[in-house]
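The next block holds one structure in the form of structure tokens; read it before the comments.
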Amino acid sequence: AAAHLRLLLGTCSNATDALAALGLLEVKAGRKDRREAFVYLKKAIDLDPFNADLVLIEALALQQHESDYPLSLDRYRKAVRLLEAQSKTVPADVLTNMGVLCHETKQYDEALEMYGKALRAVEAENPDVAAGEGGDKTFVRHNDNALFWKYAEPGILVKAAEGDAKTKLTVVRSKSDVESLGLKVGDEILLEGGIESTIKDISRGEDGAITFTLKDDIEVKSPESKLSVKRSNGRLQNTSSISIVFNLARLHESSGRIVPAVELHKAILKHHPSYVNSYLRLACIARDCGSLKDCSEWLKMAVAVAPGNPEVLTLVGNLHLSLCDWAPAQNVFDQLLQQKVPKVEAYSMLSLGNIYFNNLNTPKKYSKHLQHAADFYRRILQKDKANAYAANGLGTVLAEKGELFKAKEIFNRVREVSGDSISDSLLNLGHIYLAQKKHPESLQMYQSYMNRTRSSGAQTTSKSQEDDEAEVLLYIAFAYFDWARQTELFNNSKAAPADERYKKCIEYIEMAMKKSKRENVVLRYNWCLAKLQAANCVLQKVNRNIRRTAQEVKDALDGLEESLPILQTMLQWKEEGRKVAISKGMLTGVVNQCKHNIDSAQSHLKEERKKEQDADTLRNYQRIEADAHEKQRALAASLQKEKEAQEMEESERRARKKMLRVTHLVDDWKHADAASKKETSPKKRKGKIDAPPGGVDDEAGIFDTEVEPNNASALFDDSDEEDEEDAPDSPKKTEQPNASEGKPAHKGTEKDLFGDSSSDDEEEEPSKKRSSVGGDDEDEQVLKKRKLDDNDD
């Protein structure tokens, strides 16, 4: 076809239909380089940009690869806009494809809208199918499936029954008999005012009145109300809409609405019993919900409908794998392998390889099963080198053989190719890192695996989701346990982190015990063993020079006392002949070690408590001593402040006293000067003035009251000794001296008040000076007298 289209384009290069068809064929051919195909499509659209069919072909071409889903959805939207602009009807297939693309890109609300439009488009294309809507007895009822039902009005009027019963309605009148209308127990009804309920019982009274007993209490406000009954709208009877209904059920599954999804699948099977996909989906839903019995029943029905269907047989084989029924699973996949269906053949070989690998513990068949598993994985890779699942299986075989570096390289390559979509590679890498004693990397891989499986919501082993998680939690716990044991090998202060790692190990084991649905003896034993090792690690801290507390020893003792009864119970079960996966000798040794550690822990606890009491006593003594020193320091500081305050006050008092002395001295000087001026002032006479007795004083001697410059500093002398010694000797009031004694008196008083020396020698020198000054004054007075006498003469 492609060759003929190229010949056509050779003669007419602008044939848009030929260009679009050739581009679509090139894309579906599966070639790696798709650029040439899209060149043809782009050229066709450029030649006729308003042709919606060409845009739809481009959208269909883009839809062939998952990475192009968003682009394909955009092209579909463009085509729909073109069709609506040209007033053309959008085909139901186009709307269905848009719904599928929205579903795959997790745009669930828009997908639901597209499926609804597709159903209405199918109904418009086949309007005669809806005529039998009243005869549909298997209509869906869930509110999330509102696309498939409606409220029909059978022409019944009801009113509230007499009395206090709020759950009963009485039929007032109807167009025909109620029974002929098909009303029955379980029908959902709607009353005026939006009141919804379900008919629980229908009864007829003695007077012929029909009464409905409802499931819920209602309150009818109007005297009479129209009754509407939920009925099918006939869309499920349309064969053309079955694929849309199935897609809508899958959308409910992806959105977590399991009940409406199951309801739709059952409705599909009721109308179309040969629709195998609904059987398979119901089986998968039952398996994911943990109901393997229901899953088996649905698969049996699917096998009865389509005995040789590869998809049915594949799901049957997976069910046997989930139940660990290896022989039936092997028979199913051998049957599939004989059919030689291309897509199923690789899956069958992969499943057979997994079956052999999971049965390596079969006695005397270890090497044979390991070789068979490797052969199946290699056969797949020979046909498809890009099969990441087969490569992952081959890596597990190499890891089992001890070729860790090769296995690690394969697992890393699988991660790169698959983009972590194969979560088993993460789990296998975790095992490789753990075997290489790279515990942080191992824990990171385990956590990544758990996050991946939680986000996908599907288990990757043959057990349920919770059992898978419990198993991985046990892997994480063992990684912490092995890391702690390796840390303890230092046997010194570097072994301090071991205690915390043992606690992490116990924490993850407890999480695994909660996740596990049944009582697991091995998990309990691992928990007791982790408690024992953690207690031993705490007791060895003294020898390793690691600080510990009494609370840590108490916790270790509590863990040992809690583990001992469990271990003794397991040992008793073993002696009674019950099935316990642990040997009797191992249980006996662990019990004896636990008892010994309990005795040791009790003595260690007493010792630690005594140490802590001594440490508390020492801390209390040190605290009391520190408080005493603090109080003493505060007291000394307070006394020092008081002393400084007293000294300051004393200094201020002395300064005030000195200032008072200066004030008195100045006042005395003023009085003395005033008295001297008054005595020596001349008296006016009419005649001759006689000289006063003793002569006339010089004006300089009379008015000389200023302090000598070299004695000014004495006014501000701060000597305390001299103030106290000079106070008694200094005169409080200056007598009225004669004119000749004025100046020496001032000098003496000044020296007595502000002198700096208190010794006797220093006191004698001023007195001598005063006497000499006094003698000079007397001679001066004699000279003055003689001068006056000469003048008189």
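The values are calculated or read from the model by the stated rules, or taken from the named source; none is laboratory data. All of these numbers come straight from a predicted model, not from anything done at the bench. Note that we place each Cβ from the backbone using ideal geometry, even for glycine, and neighbour counts take in every protein chain shown. Areas reflect the complete protein model, heavy atoms only, side chains present, ligands, DNA and RNA absent. Shrake-Rupley method; radii C 1.70, N 1.55, O 1.52, S 1.80 Å.
Got at least one residue in the stretch 411-422 being buried (at least 19 other Cβ atoms within 10 Å of the Cβ), among the β-branched types (V, I, T) and outside any helix (DSSP H, G or I)? Taking every residue of the stretch 411-422 in turn, at least one turns out to be buried (at least 19 other Cβ atoms within 10 Å of the Cβ), among the β-branched types (V, I, T) and outside any helix (DSSP H, G or I). With respect to the conditions (1) open to solvent by 30 Å² or more (accessible area, probe 1.4 Å); (2) part of a helix (DSSP H, G or I); (3) under 29 Å from K293 (Cβ atoms), R379 falls short on a single one, namely (3). Does the stretch 305-324 include one or more residues that are within 30 Å of N143 (Cα to Cα) and assigned to a loop (DSSP other than H, G, I, E, B)? The answer is no; no qualifying residue exists.
Within the stretch 425-438, the set of residues being under 30 Å from the mean Cα position of the chain (by Cα) and surrounded by fewer than 19 Cβ atoms within 10 Å (Cβ to Cβ) comprises K437, K438. Just checking, how many residues over the stretch 112-144 are within 44 Å of the chain's Cα centre (by Cα), at pLDDT below 85 and assigned to a helix (DSSP H, G or I)? Of the residues in the stretch 112-144, 1 are within 44 Å of the chain's Cα centre (by Cα), at pLDDT below 85 and assigned to a helix (DSSP H, G or I). Among the residues of the stretch 258-293, the ones that are under 21 Å from N145 (Cα atoms), of a type in the set (V, I, T) and surrounded by 15 or more Cβ atoms within 10 Å (Cβ to Cβ) come to 3 in all. Sub-9 Å Cβ pairs linking a first residue in the stretch 518-538 that is closer than 13 Å to F481 by Cβ and part of a helix (DSSP H, G or I) to a second residue that is open to solvent by 50 Å² or more (accessible area, probe 1.4 Å) and among the acidic types (D, E), at least 6 apart or interchain, are W527/E510; C528/E562; K531/E562; A534/D555, ordered by first then second residue. Exactly one residue out of L54, L101, L95 is closer than 15 Å to A121 by Cβ, of a type outside the set (V, I, T) and buried (at least 16 other Cβ atoms within 10 Å of the Cβ): that is L95. Pairs needed: first member in the stretch 569-582, surrounded by 10 or more Cβ atoms within 10 Å (Cβ to Cβ); second member anywhere, modelled with pLDDT under 85 and not charged (D, E, K, R); C-beta distance under 6 Å; at least 6 residues apart or different chains. Partner pairs satisfying both residue conditions: M570/V580; W573/V580; K574/V580. What about K43, is it open to solvent by 70 Å² or more (accessible area, probe 1.4 Å) and modelled with pLDDT under 75? It is false that K43 is open to solvent by 70 Å² or more (accessible area, probe 1.4 Å) and modelled with pLDDT under 75. Considering (1) open to solvent by 20 Å² or more (accessible area, probe 1.4 Å); (2) in contact with a helix residue (DSSP H, G or I) (Cβ under 8 Å, 6 or more places away or on another chain); (3) under 23 Å from K343 (Cα atoms), the lone condition that A304 does not fulfil carries the number (2). With a requirement of 3 or more residues that are more than 50 Å from the chain's Cα centre (by Cα), the helices (runs of 4 or more DSSP H) lying completely within the stretch 1-108 that satisfy it span 2-11, 16-28, 35-47.
When D109 is tested against (1) at pLDDT 85 or above; (2) touching a Leu at 6+ places or on another chain (Cβ under 8 Å), only condition (2) is not met.
When you look at S322, is it open to solvent by 20 Å² or more (accessible area, probe 1.4 Å), free of Cβ contacts under 8 Å to residues at least 24 places away in the same chain, over 23 Å from L398 (Cβ atoms) and under 42 Å from the mean Cα position of the chain (by Cα), yes or no?
No, not satisfied.
Scanning the stretch 348-365 for residues that are farther than 23 Å from D325 by Cα, assigned to a helix (DSSP H, G or I) and at pLDDT 90 or above turns up nothing.
Just so you know, in the stretch 253-304 the residues that are of a type in the set (K, R) and outside any loop (DSSP other than H, G, I, E, B) include one that is nearest to D467 (Cα to Cα), and it is R287. Restricting L587, L564, L557, L605 to those that are open to solvent by less than 70 Å² (accessible area, probe 1.4 Å), assigned to a helix (DSSP H, G or I) and in contact with a Cys (Cβ under 6 Å, 6 or more places away or on another chain) reduces the list to L564. Filtered by the rule that a residue be touching an Asp or Glu at 6+ places or on another chain (Cβ under 8 Å) and assigned to a helix (DSSP H, G or I), the stretch 431-448 gives Y433, L434, H439, S448.
Total residues in the stretch 470-487 satisfying the condition of being aromatic (F, W, Y) and either open to solvent by less than 40 Å² (accessible area, probe 1.4 Å) or touching a strand residue (DSSP E or B) at 6+ places or on another chain (Cβ under 6 Å) (or both): the figure is 2.
With the condition kept exactly as written, say whether any residue in the stretch 156-163 is at pLDDT 70 or above, β-branched (V, I, T) and open to solvent by 60 Å² or more (accessible area, probe 1.4 Å). Within the stretch 156-163 (the criterion being at pLDDT 70 or above, β-branched (V, I, T) and open to solvent by 60 Å² or more (accessible area, probe 1.4 Å)), the answer is no, since none of the residues qualifies. Exactly one residue out of C528, C594 is at pLDDT 90 or above, farther than 27 Å from E466 by Cβ and open to solvent by less than 30 Å² (accessible area, probe 1.4 Å), and it is C594.
Of all residues in the stretch 456-469, none satisfies being modelled with pLDDT of 90 or more and open to solvent by 40 Å² or more (accessible area, probe 1.4 Å).
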